[in-house]
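Each value in this text was obtained by applying a stated rule to the coordinates, not by laboratory testing. Model, not experiment: these values are computed from the prediction. Every residue, glycine among them, receives a Cβ derived from its backbone with ideal geometry; neighbour counts consider all protein chains shown.
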There are 2 protein chains.
Amino acid sequence: MPALSERKIVEVCYAPSHFPLYDNGFDIVVVIDVLRATSAITTGLHCGIKEIIPINSVEKAVDYKSKGYITAAERDGQVVEGFDFGNSPYAFMNPDLVGKTVVLTTTNGTNAIEVAKDKSTVVIGCLNNLTYLSNWLIAQNKNVLILASGWKEKMNLEDTICAGAIADILLETRKFVSNEDSTISAKFLYRSARDNFYSFLRASSHRKRLMKLKIQKDVKYCLTLDTVPCIPILRDGRLVKLEIDNA
Amino acid sequence: MPALSERKIVEVCYAPSHFPLYDNGFDIVVVIDVLRATSAITTGLHCGIKEIIPINSVEKAVDYKSKGYITAAERDGQVVEGFDFGNSPYAFMNPDLVGKTVVLTTTNGTNAIEVAKDKSTVVIGCLNNLTYLSNWLIAQNKNVLILASGWKEKMNLEDTICAGAIADILLETRKFVSNEDSTISAKFLYRSARDNFYSFLRASSHRKRLMKLKIQKDVKYCLTLDTVPCIPILRDGRLVKLEIDNA
């Protein structure tokens, strides 16, 4: 076990607006938006999409679309009118997208990426790549900030629980420490939830929002652990699949 | 049980800077700063202090002191140099203060009061008055926002747990509903912690901070439930004891 002073830091931040309170000496930022942006991004790159350009406004998306890009846009859980698709992970499994560039804007997730992008290495996390990503983070031996996208700057349960899961795995190695109560709380919430995410998250406000939109299949997909061995990483404003052997 | 549409709302907000995201249609705001401002305020009014004037800057405190007011000031857990005392609840039990006006500024709690004061009825909560306050809130049958003071705009564990305890008691009556994940999370954290606050909060960042200051006696006092049947209420910028019979 490394001496306390040699351990790396892992912390959880609940929403992009809080990022400036935490942003201090972190080498890697993990952006989380379980329902559904980061689950879709991870799935899409795993299924062969060449790269995903995350952007933070519908206006920019309109621009990209007019230039001929395949463009996905979601606001408030629905596909924005006039766009090819939104942030359903199933849309990102489409074989027609293999080898292509996709532009994506979502309500919360792409905003979180925007906030983090100039600061550190940015990677994408979700429940689908939980263990795979966590093992990679442990191997990097660097300070990690887990940035939950939340819902319109409020915390949300599913992102906090996913962030708490990553923090818990890192802290259990004793190679990491945390000093923030947000991290301790996220870890406790994950531990309360881990035996049955789907049932635990029945209470979540966002899931209720999505239930109204009748996308239970997406929700179930996004709440399933360790199905996608892929880590999206931001390089020059584009998310690409991290090739672990060359990382 | 009231019909869903007739139930009142209870929500938890984790820090004063998030207050504008939540501030919508709440009749009562409960300000929480367990370690130690709201525990000290509640104790002081219960022990006979006539009124406490909460202010949000040391500069204003200097002004009040120069005018002859008994003035308490705490920053970062310590009494500010030149002031009579800080926010130790034991200092607020002093018999010399009975019938007197006390001016108070603290790192987080008085800032939270300042943020909330123009919006709604403001009352003070802590673990010491948990059940007494919760029963009063239930009797009011109004929408309640529980505002945790946090630590310098970050969430903290002890305020979140206290807020979650109040929310849990109100929700259990089925006379209240909540829609926010922050409320659900606070409730789960309280339920994880309730069998042993002191041990659960061993992990808390602020308690670690206070341990360094050697005020374990204060911490133990503040983490003890239902010792003080008193609800401080803000009236014309001054906190006074709510007289329940006349309320």
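Search region B:12-31 for residues being in contact with a helix residue (DSSP H, G or I) (Cβ under 7 Å, 6 or more places away or on another chain) and within 14 Å of chain A (Cβ to nearest Cβ), and hand back the single one that is surrounded by the fewest Cβ atoms within 10 Å (Cβ to Cβ). So that I can check it myself, show each step before the final result.
So in region B:12-31, the residues in contact with a helix residue (DSSP H, G or I) (Cβ under 7 Å, 6 or more places away or on another chain) come out as B:12-14, B:16, B:19, B:28-31.
Subsequent filtering for residues that are within 14 Å of chain A (Cβ to nearest Cβ) retains B:12-14, B:16, B:19.
Numbers: B:Val12: 31, B:Cys13: 30, B:Tyr14: 31, B:Pro16: 23, B:Phe19: 18.
In this case the residue turns out to be B:Phe19.
Looking at (1) under 17 Å from the mean Cα position of the chain (by Cα); (2) surrounded by 24 or more Cβ atoms within 10 Å (Cβ to Cβ), which is the one condition that is false for A:Ser182?
It fails just one condition, (1).
Which members of region B:59-73 meet the condition of being part of a helix (DSSP H, G or I) and either of a type in the set (Lys, Arg) or out of contact with any strand residue (DSSP E or B) (no Cβ under 6 Å at 6 or more places or on another chain) (or both)? Break it down stepwise before answering.
In the first step, residues of region B:59-73 are kept if they are part of a helix (DSSP H, G or I); the result is B:59-66.
Within region B:59-73, B:Glu59, B:Lys60, B:Val62, B:Asp63, B:Lys65, B:Ser66 qualify.
Scan region A:180-187 and give yes if some residue there is more than 27 Å from B:Cys13 (Cα to Cα), touching a residue at least 60 places away in the same chain (Cβ under 8 Å) and in contact with a helix residue (DSSP H, G or I) (Cβ under 8 Å, 6 or more places away or on another chain), otherwise no.
Going residue by residue through region A:180-187, those that are more than 27 Å from B:Cys13 (Cα to Cα) are none.
No, region A:180-187 contains no residue that is more than 27 Å from B:Cys13 (Cα to Cα), touching a residue at least 60 places away in the same chain (Cβ under 8 Å) and in contact with a helix residue (DSSP H, G or I) (Cβ under 8 Å, 6 or more places away or on another chain).
Under 7 Å by Cβ, and 6 or more places apart or on different chains, what pairs join a residue from region A:104-121 that is among the basic types (Lys, Arg) with one that is assigned to a loop (DSSP other than H, G, I, E, B)?
A:Lys119/A:Asp23
Mind listing just one residue for me: the one in region A:32-58 that is of a type in the set (Val, Ile, Thr) and in a loop (DSSP other than H, G, I, E, B) and, of those, surrounded by the most Cβ atoms within 10 Å (Cβ to Cβ)?
Step one: list which residues in region A:32-58 are of a type in the set (Val, Ile, Thr), which gives A:32, A:34, A:38, A:41-43, A:49, A:52-53, A:55, A:58.
Okay, now just the ones that are also in a loop (DSSP other than H, G, I, E, B), so A:34, A:55.
Values: A:Val34: 30, A:Ile55: 21.
Ranking the candidates gives A:Val34 first.
Need at least 2 residues that are in contact with a His (Cβ under 9 Å, 6 or more places away or on another chain) per element, so show me which helices (runs of 4 or more DSSP H) inside region B:103-199 make the cut, counting only ones lying wholly within it.
On the way: elements: B:109-116, B:130-140, B:157-172, B:181-193.
Qualifying helices (runs of 4 or more DSSP H): B:157-172, B:181-193.
Have a look at A:Leu45, A:Leu97, A:Leu4 and point out the one that is of a type outside the set (Ser, Thr, Tyr) and within 14 Å of chain B (Cβ to nearest Cβ). Full working, then the answer.
Working: A:Leu45 fails: within 14 Å of chain B (Cβ to nearest Cβ); A:Leu97 fails: within 14 Å of chain B (Cβ to nearest Cβ).
Being of a type outside the set (Ser, Thr, Tyr) and within 14 Å of chain B (Cβ to nearest Cβ) holds for just one of A:Leu45, A:Leu97, A:Leu4, which is A:Leu4.
Just to be sure, is B:Ile9 under 15 Å from B:Ile166 (Cβ atoms), within 14 Å of chain A (Cβ to nearest Cβ), surrounded by fewer than 24 Cβ atoms within 10 Å (Cβ to Cβ) and among the hydrophobic types (A, V, I, L, M, F, W, C)? So that I can check it myself, show each step before the final result.
Details: under 15 Å from B:Ile166 (Cβ atoms): yes; within 14 Å of chain A (Cβ to nearest Cβ): yes; surrounded by fewer than 24 Cβ atoms within 10 Å (Cβ to Cβ): yes; among the hydrophobic types (A, V, I, L, M, F, W, C): yes.
It is true that B:Ile9 is under 15 Å from B:Ile166 (Cβ atoms), within 14 Å of chain A (Cβ to nearest Cβ), surrounded by fewer than 24 Cβ atoms within 10 Å (Cβ to Cβ) and among the hydrophobic types (A, V, I, L, M, F, W, C).
Picking from A:Glu180, A:Glu158, A:Glu153, which residue would you name as being within 13 Å of another protein chain (Cβ to nearest Cβ) and at positive phi?
Numbers: A:Glu180 fails: at positive phi; A:Glu158 fails: at positive phi.
Going through A:Glu180, A:Glu158, A:Glu153 in turn, just one is within 13 Å of another protein chain (Cβ to nearest Cβ) and at positive phi: A:Glu153.
For region A:1-17, which positions are out of contact with any Lys or Arg (no Cβ under 7 Å at 6 or more places or on another chain) and within 19 Å of A:Ser185 (Cβ to Cβ)? Let's see the steps before the verdict.
If we filter region A:1-17 for residues that are out of contact with any Lys or Arg (no Cβ under 7 Å at 6 or more places or on another chain), which is where we start, we get A:3-6, A:9-14, A:16-17.
Answer for region A:1-17, where residues must be out of contact with any Lys or Arg (no Cβ under 7 Å at 6 or more places or on another chain) and within 19 Å of A:Ser185 (Cβ to Cβ): A:Ile9, A:Val10, A:Glu11, A:Val12, A:Cys13, A:Tyr14, A:Pro16, A:Ser17.
Considering only region B:168-187, state which residues are under 16 Å from B:Asn156 (Cβ atoms) and of a type in the set (A, V, I, L, M, F, W, C). First the steps, then the outcome.
Kept after step one, since they are under 16 Å from B:Asn156 (Cβ atoms), are these residues of region B:168-187: B:182, B:185-186.
Within region B:168-187, just B:Ala186 meets the criteria.
Could you please give the count of residues in region B:206-234 that are under 18 Å from the mean Cα position of the chain (by Cα) and either surrounded by fewer than 12 Cβ atoms within 10 Å (Cβ to Cβ) or within 14 Å of chain A (Cβ to nearest Cβ) (or both)? Explain how you work it out, then say what you get.
If we filter region B:206-234 for residues that are under 18 Å from the mean Cα position of the chain (by Cα), which is where we start, we get B:206-207, B:210, B:218-234.
Imposing the further condition that a residue be either surrounded by fewer than 12 Cβ atoms within 10 Å (Cβ to Cβ) or within 14 Å of chain A (Cβ to nearest Cβ) (or both) reduces the set to B:206-207, B:210, B:220.
Number satisfying all stated conditions: 4.
Among the numbered criteria (1) closer than 23 Å to A:Asp159 by Cα; (2) surrounded by fewer than 24 Cβ atoms within 10 Å (Cβ to Cβ); (3) more than 8 Å from chain A (Cβ to nearest Cβ), which single criterion is violated by B:Asp195?
(1)
How many residues does region A:77-101 contain that are touching a Ser or Thr at 6+ places or on another chain (Cβ under 6 Å) and surrounded by fewer than 13 Cβ atoms within 10 Å (Cβ to Cβ)?
Adding up the residues that qualify gives 0.
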